[in-house]
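The next block holds one structure in the form of structure tokens; read it before the comments.
The values are calculated or read from the model by the stated rules, or taken from the named source; none is laboratory data. Owing to the predicted nature of the structure, the values given are computational and were not obtained by experimental measurement. A quick note on method: Cβ atoms are made from the backbone with ideal geometry, for glycine too, and the neighbour counts reach across all protein chains shown. The area values use the complete protein model at the heavy-atom level, side chains included, leaving out ligands, DNA and RNA. Shrake-Rupley method; radii C 1.70, N 1.55, O 1.52, S 1.80 Å.
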Amino acid sequence: MKRTGSRASSAILAVMAVLWASVAGAGFQTREAALAALEKTNRLIEAAPAQAGLYTLRGDAYYALNDLYGAVESYTAAIRLDDRQDNAYFGRGMALGRMGRVDEGITDFDVYIRRHPDSSVAYTKRGVRNIWRNHLTEAERDLTRAIELDPDNAEAHDDLGVVHAKHKRIGLAAKHFSTAIRLDPDYQKAYHNLAICFHLRGQPREALEIVDAGLRLDPDSRDSLFLKSTVLEALGRADEAKAIAERAEFLPESNWSERSEIGGGSKQGGRQ
């Protein structure tokens with residue numbers, strides 16, 4: 001009787017684990033939510049250690065908390081238990097890239113994309129990582145495919161614009177940055193990149209208008225303030241340029257780790 005009861009309890013715990021994973025796996029809106037999910041998932045793993053989906057969920061919680069090592073460890077545990085944990089491959093690919101292990105991260109995205117060939121987001125994230133390692137041909141292919149799958153993917157348009165800009169196709173780059181802004185008017189980095197295009201084309205007034213629009217979204221964007229300083233210098237407004245540059249010096253660098261920028265028109269560049 002005890003053995004039967006034990007099996008029944010294990011079955012109930014397993015069902016609870018799967019249900020919790022399906023609910024909490026939708027994402028975390030706050031740090032507190034991620035911490036709560038981590039605590040609850042740890043308890044469920046203790047009770048049902050063979051449930052691979054829980055390790056994937058714990059990896060998501062660690063990732064949300066910016067504990068990349070914890071995330072990779074949990075995603076790896078999920079994959080070892082069940083190689084069909086596709087979201088663990090996706091999550092580990094994200095985390096490894098941010099840890100600087102870009103090639104390993106792309107290998108995980110390769111697996112995910114083979115299994116989900118219609119995922120615009122996955123092609124976008126692999127494309128960003130190909131930009132980081134300066135594999136621009138592969139990046140262009142990935143980001144073009146991402147847009148084919150979802151023409152309204154603002155991130156893919158912005159990053160494809162970065163690829164075009166690196167190839168000195170400034171007109172095409174500006175078109176994609178403008179599209180990203182149209183699709184997502186709050187996409188601050190797209191304003192930054194579009195302003196660089198105008199600056200590179202010798203249109204400082206247009207560049208100033210666009211960079212100011214971006215700064216209205218994020219007044220403390222260090223990179224965009226440096227860009228504005230550069231543009232003001234081009235307009236002959238040296239005193240204003242100096243004051244803005246001095247202010248920018250004391251601000252933290254922009255957190256654009258998932259979003260590449262051109263890096264050619266401002267005094268400070270983001271991660272490529």
| request: Search the stretch 191-205 for residues being more than 13 Å from Lys228 (Cβ to Cβ) and assigned to a helix (DSSP H, G or I), and hand back the single one that is most open to solvent (accessible area, probe 1.4 Å). | output: Leu200
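Determine whether the stretch 73-88 contains at least one residue that is modelled with pLDDT of 95 or more, under 19 Å from the mean Cα position of the chain (by Cα) and among the charged types (D, E, K, R). Walk me through it before giving the result.
Looking only at the stretch 73-88, we keep the residues that are modelled with pLDDT of 95 or more, and these are 73-88.
With the extra rule that they be under 19 Å from the mean Cα position of the chain (by Cα), the set shrinks to 75, 86-88.
Now narrow it down to the ones that are among the charged types (D, E, K, R): 86.
Yes, the stretch 73-88 has at least one match.
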| field | Top-ranked residue of the stretch 148-167 - restricted to ones that are within 16 Å of the chain's Cα centre (by Cα) and either of a type in the set (A, V, I, L, M) or not in a helix (DSSP H, G or I) (or both), ranked as farthest from Asp118 (Cα to Cα) | value | Val162
| note | Flagged in the stretch 1-34 as touching a Leu at 6+ places or on another chain (Cβ under 8 Å), modelled with pLDDT of 60 or more and open to solvent by 80 Å² or more (accessible area, probe 1.4 Å), in numbering order, are Arg31
| request: Hey, can you tell me all the residues within the stretch 124-147 that are open to solvent by 10 Å² or more (accessible area, probe 1.4 Å), under 22 Å from Met94 (Cβ atoms) and without any contact (Cβ under 8 Å) to a residue 40 or more places away in the chain? | output: Arg126, Arg133, His135, Leu136, Glu138, Glu140, Arg141, Thr144, Arg145, Ile147
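One line per residue, one yes/no per condition, for (1) within 22 Å of Ala122 (Cα to Cα); (2) surrounded by fewer than 22 Cβ atoms within 10 Å (Cβ to Cβ); (3) touching a residue at least 60 places away in the same chain (Cβ under 8 Å):
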| position | (1), (2), (3) |
| --- | --- |
| Asn153 | yes, no, no |
| Ala156 | yes, no, no |
| Asp159 | yes, no, yes |
| Val163 | yes, no, no |
| Ile170 | no, yes, no |
| Phe177 | yes, no, no |
| Ala180 | yes, no, no |
| Pro185 | no, yes, no |
| Lys189 | yes, no, yes |
| request: Only residues that are open to solvent by less than 40 Å² (accessible area, probe 1.4 Å), part of a helix (DSSP H, G or I) and within 19 Å of Leu44 (Cα to Cα): list them for the stretch 73-115, please. | output: Ser74, Tyr75, Thr76, Ala77, Ala78, Ile79, Ala88
| note | Taking the stretch 57-72 and keeping residues open to solvent by 30 Å² or more (accessible area, probe 1.4 Å) and over 14 Å from Leu35 (Cβ atoms) leaves Tyr69
